Amino acid sequence: MIRVRSWFVVLLPLLLITACEVPEDADTPDAILLDGSFVDLTHPFDDETLYWPTAEPFELETEFAGETDNGFYYEAHRFSASEHGGTHLDAPIHFAEGMDRTGDVSLNRLIAPAVRVDMGPEASADPLYQIQVEDLTAWEDVHGEIEPGVIVLLHTGFSNYWPDAEQYLGTEERGEEAAADLEFPGLHPDAAEWLVENRDIAAIGIDTASIDYGQSADYQTHRHLAKANIPIFENVANTGELPDTGFHVIALPMKIAEGSGGPLRIVAALP
């Protein structure tokens with residue numbers, strides 16, 4: 001976990017918002033007063049970053065590092081990776097034709113108040129646990145109804161296994177056949193459908209490799225959420241450091257205009 005003391009107001013996307021008149025329907029989030037600390041919810045991208053068994057992993061190649069002919073130090077790299085790996089965004093287009101691509105996802109869905117649903121004990125007891133409607137309503141019995149426009153983060157504790165592929169994914173093997181051995185918790189399709197029909201959430205995230213549990217073959221949870229144009233954050237880190245309520249999430253993916261997802265830098269702002 002990284003905590004950084006902050007004493008400023010984050011105004012996105014305009015730093016000079018006080019000098020500008022913003023239309024009431026502008027696609028910009030409210031100003032977030034940050035008088036507390038950040039929790040970094042992002043796994044680093046490096047040679048240990050975990051990807052789906054069939055996806056191309058992250059690679060960083062050095063173009064130049066050293067002293068130039070003009071006598072100053074210079075360093076530059078190039079990287080490549082699949083969209084869906086490491087801490088990343090699933091744009092709705094990933095599982096629903098005609099829905100938002102990565103570059104289209106509204107900032108109001110990426111920067112918003114957030115809640116955490118702690119399912120650590122259940123996931124610890126059953127690595128293929130699927131979070132149920134009853135789990136969400138039980139959380140609401142304690143904390144109140146999930147309000148419109150909120151980002152929901154699901155905590156299973158699997159982030160603690162990163163970057164051990166055997167523990168985190170259920171297998172360290174690669175290729176099509178390895179997908180049959182994936183083993184991690186997820187959100188049950190019925191719970192996803194319940195959220196879509198009963199709670200107007202901005203986005204949802206989880207600290208596993210997929211919002212569908214490891215043995216899913218039809219990805220119904222993805223499909224329910226995507227059809228409602230709800231973005232998904234996967235491989236979220238450090239959710240165990242969060243409270244259940246009372247914080248904001250700032251989740252900014254690489255703005256790949258035609259993408260179906262992409263690398264995500266996500267942080268929580270705590271009061």
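The values are calculated or read from the model by the stated rules, or taken from the named source; none is laboratory data. Everything numeric here is computed off the predicted structure, so don't read it as measured data. Every residue, glycine among them, receives a Cβ derived from its backbone with ideal geometry; neighbour counts consider all protein chains shown. Just so you know, the surface numbers come from the protein's heavy atoms only, side chains and all, with ligands and any DNA or RNA stripped out. Shrake-Rupley method; radii C 1.70, N 1.55, O 1.52, S 1.80 Å.
See the values below:
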read-out: Gain upon complete extension [Glu176, Asp104; 0.36 nm per residue less C-alpha separation]; value: 22.8 nm
read-out: Accessible surface, the chain, averaged per residue in Å² (probe 1.4 Å); value: 50 Å²
read-out: Sequence of Phe45, Phe184, Phe79 when ordered by accessible area, the most exposed leading, probe 1.4 angstrom; value: Phe79, Phe45, Phe184
read-out: Relative contact order of the chain, pairs being alpha-carbon contacts under 8 Å that are 6 or more residues apart, as %; value: 27 percent
read-out: Sulfur and carbon atoms: percent of accessible area, the chain [1.4 Å]; value: 48 percent
read-out: Antiparallel bridge percentage (DSSP; both residues within the chain; nearest 5); value: 70 percent
read-out: Cα gyration tensor category, rounded, prolate or oblate, for the stretch 197-248 with a/c compared to 1.5; value: oblate
read-out: Environment charge at Gly157 (Cβ cut-off 11 Å; Lys +1, Arg +1, Asp -1, Glu -1); value: -3
read-out: The stretch 45-169: relative contact order in percent, alpha carbon pairs under 8 Å with at least 6 residues between; value: 21 percent
read-out: Cα-based shape type of the stretch 124-237, given that a ≥ b ≥ c are square roots of the gyration tensor eigenvalues and the cut on a/c is 1.5; value: prolate
read-out: Total charge dipole magnitude, the stretch 140-271, about the Cα centre, Cβ charges on Lys, Arg, Asp, Glu only, Debye to nearest 20; value: 620 debye
read-out: Relative contact order (%) - the stretch 169-239, alpha-carbon pairs under 8 angstrom, separation at least six; value: 35 percent
read-out: Residues of the stretch 238-259 with amide N under 15 Å of a point placed 7 Å along Cα→Cβ from Asn160; value: 238-242
